[in-house]
Amino acid sequence: MARFDERTGRAHRAWGPGIELGPLKDIEDVQEALREVFAQHPGLLGTHLDSLTLGRSGYVAHTDTWLVQLEQTVAGASLWRGGVMARIKQGRLVMFGVDTMDLDPNKTPTISATEAAHLAVISGPAGNSRHTEASQKLVWLPVEEGGSLQPVLAWEVRSKTAHPVGHWVSFIHADTGALLNVHNEVRFFAGEVLAEHDTRTVDGEMSISPMSYIRVDDGETSSFTDSEGLWEMDTLSPVRGDLVGDYVRVQNDGGDDAVFDLLEGTITLTESDASQAELDSYVFQHQVREWALRYAPDLSLIYSRLNVYVNLDDNCNAYFDGSLNFMRAGSGCNNTARIADVNYHEWGHGFHYYNLVSGDFDGSISEGVADVISVLLTGDPLIAPYFATSGSGIREVATNRVYPTDWVGEVHTDGLIFAGAVYDLWAELEKTKTEEEAYDLVSTMVVEAMRAGPTIPDAFDEFVVADDDNGDLSDGTPNLCAIVEAFGAHGLGPGGNGGLVSLSHLPVDNQVALEDVVLDAELLNLAPSCVDLDVTGARVVYSTNGGVTWSEEPLDVDAESISGAIPGQSNGSTVQYYIQVDSADGTKAFSPSGAFINPFTFYVGSLEPIYCEDFEDSDGDYEHELLAGEDIEGADDWQWGTPAGMGGDPDAAFSGSRVWGNDLGGGEYNGEYQNDRHNRLSSAPIDVRGHSGLVLQYRRWLQVEDGYYDQAQILANGDLVWTNHGTSRSNGDEHHTDQQWQLHSLEIPSDGSNTLTLSWDIISDRGLSMGGWNIDDVCVYGIPEAGSSTEEGPGTGEEKGAYTGGTQLGPYGSKDGQGCGCSSGGSGSGGLLWLTGLIGLAAVRRQER
Ligand SMILES: [Zn+2]
């Protein structure tokens, strides 16, 4: 049987019962036996036996089969894939094939091998690539022409390229130099995928970027483009691409997921291949991933496949819930997936979550971090321009928000405090470093500090730890001053809430008449490597008439120690005082920080304890009520318990663990009193029989707006005995903001009653609200009758049994005092150290190095 090739008229394959060839030891025996067979049938060959040479041949032992190829070689060139083949099984020729041609034995090439190699490169598909391992040989190439095959003498040129990957086989006409054929033995189908996308937001400006790591698929196997959008595939099937990327998978909630045909060479995806939201989000997510590869290379988020849903059927928002979710355009907003800033921000939440090594995932700082990521990627403090179709953005990080004053309890707004600090840190670093160094530093610090999971108030400390380079924070850190400066501007760190210098002062307690009231204070430079103290003087300013007039005494300043005295006062005086420090540039600092607004107080003379309540075992039978304003949850916000440190409140009681206060914070409560309310806390009636003069002493931590607007009041049997300081100005900002528990001494005029009921009121307007009252250790004392009281000192008091102290300080608040549960900041000499902020002390900032 035979199958002929009609183009050559030769028996391409012939087979039958087999021809016995005799014993065959080796390929030489086989070749000889074959030649004998063909010598008897010269018409089969169509060429001389002499032109056949042994080609690639071999033996398969387990089937006892010889596979033989005899090449047709004429004029020093073999016929390409031609010649004679034979199959010899168990010594019998069972099949042969003849693919020979009539070749001209006198033919010689016109083109040289070197010329051919050059022509192969420049005429071929990889003409701009570097070709290596080039080789050339002459072959007879069968070329189909008018239904028959004609042999053409050609140079077969082989070479390799790396980009694109190629093992090239080219045939150059030996006479004309024409490229007859070229193929790549590496069957890679290769291309480049780009996409047109919104440059940053939906403002009409478009860019083209590579589609990194998208999936390419030929129906059987899939691979991914590289970071440059380049792909190659060992296939001959059609290749398609989609957005199921190696690291980011974008899914279209508003329709079918994008699938597109990929062709050899460069293609640029547009809205005809996928929705713009899909393309944009894919590109933006890879941009922020690049940032993380550089600064957070161990972040697991960037090695798993992040799911991104776009075109969600809702408007004006985006969120992170393990996946990223972006809403379609509508309600005055653009499609959020089409805004780079929103993509970076939502990814930032994922970064915050996966970057945590310790600490907590706090909502406010998470918003801050997310905005920081956006700012680091765009370089713009404005977040998401064209979020609204009108063009407006959603937030601006540069807004100078300060902790805790600007804390509002809304995570995005509160997050700006942190984001603003980091933005300012970036700017601070740029003052002394190159742009690139500053960017690297701020990026690295964000990554390292956020591993600790700080809240906003603790963020400063973690940045310092992140900046440390020698495992010793006591010797500063390389960029400490920049961190102090930047965070201080937002009320964070030692530079916040009072400046880089603090004044520690232990307020004096009740005093003995006519004796100098000795005071001391200590200046603390909280960032000595960043600022120099330049104090020119200090004084104590005091009043004995409720703040109507003030006197002052100079204090000695010795390095950082301040000391002096208030002159002795007469019996029965209530003294208010504050310490003032002056600096070289004319700025002043005070302790307490509010100075005359919330001065320290003490009483002069002996007192007889009548009543004390520390609110530990019970609420003291105090009652509270709403006197005016809408009666909603939290309107009457008096609470007995432990303050939570919110809204300016303390985070602990003065003594024990319980106090009375307005909105102690926690749960749905933010620590602040409500606007437009009047509520009141009243004590149980206190038996004051036999006492004509009374003194109220209690511990106060009060935060209330300028009295022009909001009033904190104390009433005795319904009569007003104290109210907070206020201006007479509609722009008044002299708020009462205690930043420590303060002893408040207040003389209560007698109204002749046998009982005394004390009330603490808060009366608020529609504007700013603050932390309100926090009250602990309420005591009422009797002033000894004239004649029995004394200006002679402690002795008299002891005789009356009212004196249990024994130091120069009065005894009245002492824990030892007649079962009074009150404790006193003044009762121990080595106890509490009051830290009060200095406002704007001339901390002369050293030139940064
Ligand atoms: Zn957010």
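The values are calculated or read from the model by the stated rules, or taken from the named source; none is laboratory data. Model, not experiment: these values are computed from the prediction. Using ideal geometry, Cβ is built from the backbone for each residue, glycine included, and neighbour counts are taken over all protein chains shown. Ligands, DNA and RNA are stripped out before the accessible areas are found, and what is left, the full protein with its side chains, is counted by its heavy atoms. Shrake-Rupley method; radii C 1.70, N 1.55, O 1.52, S 1.80 Å.
Go through region 151-170 and count every residue that is assigned to a strand (DSSP E or B), open to solvent by 40 Å² or more (accessible area, probe 1.4 Å) and touching a residue at least 40 places away in the same chain (Cβ under 8 Å).
Qualifying residue count, region 151-170: 0.
Looking at the structure I just gave you, is residue 236 part of a loop (DSSP other than H, G, I, E, B) and either out of contact with any His (no Cβ under 8 Å at 6 or more places or on another chain) or modelled with pLDDT under 95 (or both)?
Yes: the conditions hold for residue 236.
Could you check, for region 734-747, whether at least one of its residues is crowded, with 18+ Cβ neighbours inside 10 Å, among the polar types (S, T, N, Q) and part of a loop (DSSP other than H, G, I, E, B)?
Checked against the condition, which is being crowded, with 18+ Cβ neighbours inside 10 Å, among the polar types (S, T, N, Q) and part of a loop (DSSP other than H, G, I, E, B), region 734-747 yields at least one hit.
Can you tell me which of 527, 486, 538 is modelled with pLDDT of 90 or more and in contact with a helix residue (DSSP H, G or I) (Cβ under 8 Å, 6 or more places away or on another chain)?
When all the criteria are applied, what remains is 486.
Which one is least open to solvent (accessible area, probe 1.4 Å) among residues in region 654-667 that are over 20 Å from residue 768 (Cβ atoms) and within 35 Å of the chain's Cα centre (by Cα)?
666
Out of region 454-484, which residues are surrounded by fewer than 19 Cβ atoms within 10 Å (Cβ to Cβ), of a type outside the set (Asp, Glu) and closer than 20 Å to residue 418 by Cα?
455, 465
Is it the case that region 261-273 has a residue that's within 16 Å of the ligand (Cβ to nearest atom), open to solvent by less than 60 Å² (accessible area, probe 1.4 Å) and part of a strand (DSSP E or B)?
Looking for residues that are within 16 Å of the ligand (Cβ to nearest atom), open to solvent by less than 60 Å² (accessible area, probe 1.4 Å) and part of a strand (DSSP E or B), one finds none in region 261-273, hence no.
Can you name every residue in region 25-37 that is crowded, with 18+ Cβ neighbours inside 10 Å and not β-branched (Val, Ile, Thr)?
Those that are crowded, with 18+ Cβ neighbours inside 10 Å and not β-branched (Val, Ile, Thr): 31, 33, 34.
For region 317-338, what are the residues that are within 16 Å of the ligand (Cβ to nearest atom) and either open to solvent by less than 20 Å² (accessible area, probe 1.4 Å) or of a type in the set (A, V, I, L, M, F, W, C) (or both)?
If the condition is that a residue be within 16 Å of the ligand (Cβ to nearest atom) and either open to solvent by less than 20 Å² (accessible area, probe 1.4 Å) or of a type in the set (A, V, I, L, M, F, W, C) (or both), then 318, 320, 324, 325, 326, 327, 333, 336, 337 are the ones that fit.
Looking at region 388-427, which of the residues that are out of contact with any strand residue (DSSP E or B) (no Cβ under 6 Å at 6 or more places or on another chain) and among the acidic types (Asp, Glu) is nearest to residue 348 (Cα to Cα)?
Out of the qualifying residues, it is 414.
Taking the options 142, 105, name whichever one is closer than 30 Å to residue 4 by Cβ and assigned to a strand (DSSP E or B).
The unique qualifying residue is 142.
In region 728-759, which residues are in contact (Cβ under 8 Å) with a residue 60 or more places away in the chain and over 22 Å from residue 509 (Cβ atoms)?
The answer is 734, 735, 737, 753, 754, 755, 756, 757, 759.
Just the residues that are small (Gly, Ala, Ser) and either more than 16 Å from the ligand (Cβ to nearest atom) or at positive phi (or both), please, taken from region 396-419.
398, 409
Please name all residue pairs, on different chains or six or more residues apart, with Cβ atoms under 8 Å, provided the first residue is in region 285-314 and is farther than 27 Å from residue 329 by Cβ and the second residue is basic (Lys, Arg).
Note: pairs meeting the criteria are 302/289.
In region 65-88, how many are open to solvent by 50 Å² or more (accessible area, probe 1.4 Å) and either closer than 16 Å to residue 28 by Cα or in contact with a Lys or Arg (Cβ under 6 Å, 6 or more places away or on another chain) (or both)?
Qualifying residue count for the region: 4.
Would you mind telling me which numbered condition in (1) surrounded by fewer than 22 Cβ atoms within 10 Å (Cβ to Cβ); (2) away from the ligand (no atom under 15 Å from the Cβ); (3) on the phi < 0 side of the Ramachandran plot; (4) aromatic (Phe, Trp, Tyr) residue 386 fails?
(3)
Given the residues 371, 314, 360, 341, which is the only one that is open to solvent by 50 Å² or more (accessible area, probe 1.4 Å) and within 16 Å of the ligand (Cβ to nearest atom)?
On inspection, the qualifying residue turns out to be 314.
Under 9 Å between Cβ atoms, which residue pairs at least 6 apart in sequence (or on different chains) link something in region 632-653 that is among the β-branched types (Val, Ile, Thr) with a partner that is in a loop (DSSP other than H, G, I, E, B)?
Note: pairs meeting the criteria are 632/674; 642/651; 642/652; 642/653; 642/657; 642/658; 642/664.
I'd like to know if region 111-132 contains one or more residues that are of a type outside the set (Val, Ile, Thr), open to solvent by less than 70 Å² (accessible area, probe 1.4 Å), assigned to a loop (DSSP other than H, G, I, E, B) and within 28 Å of residue 12 (Cβ to Cβ).
no
Identify all residues within region 688-721 that are over 22 Å from residue 647 (Cβ atoms), open to solvent by 20 Å² or more (accessible area, probe 1.4 Å) and out of contact with any Ser or Thr (no Cβ under 6 Å at 6 or more places or on another chain); write none if there are none.
Across region 688-721, the qualifying residues are 689, 690, 691, 718, 719, 720, 721.
Taking region 613-669 as the region of interest, how many residues are charged (D, E, K, R) and not in a loop (DSSP other than H, G, I, E, B)?
3
Can you tell me how many residues within region 541-595 are surrounded by 14 or more Cβ atoms within 10 Å (Cβ to Cβ), within 27 Å of residue 698 (Cβ to Cβ), more than 41 Å from the chain's Cα centre (by Cα) and hydroxyl-bearing (Ser, Thr, Tyr)?
Residues meeting the conditions: 7.
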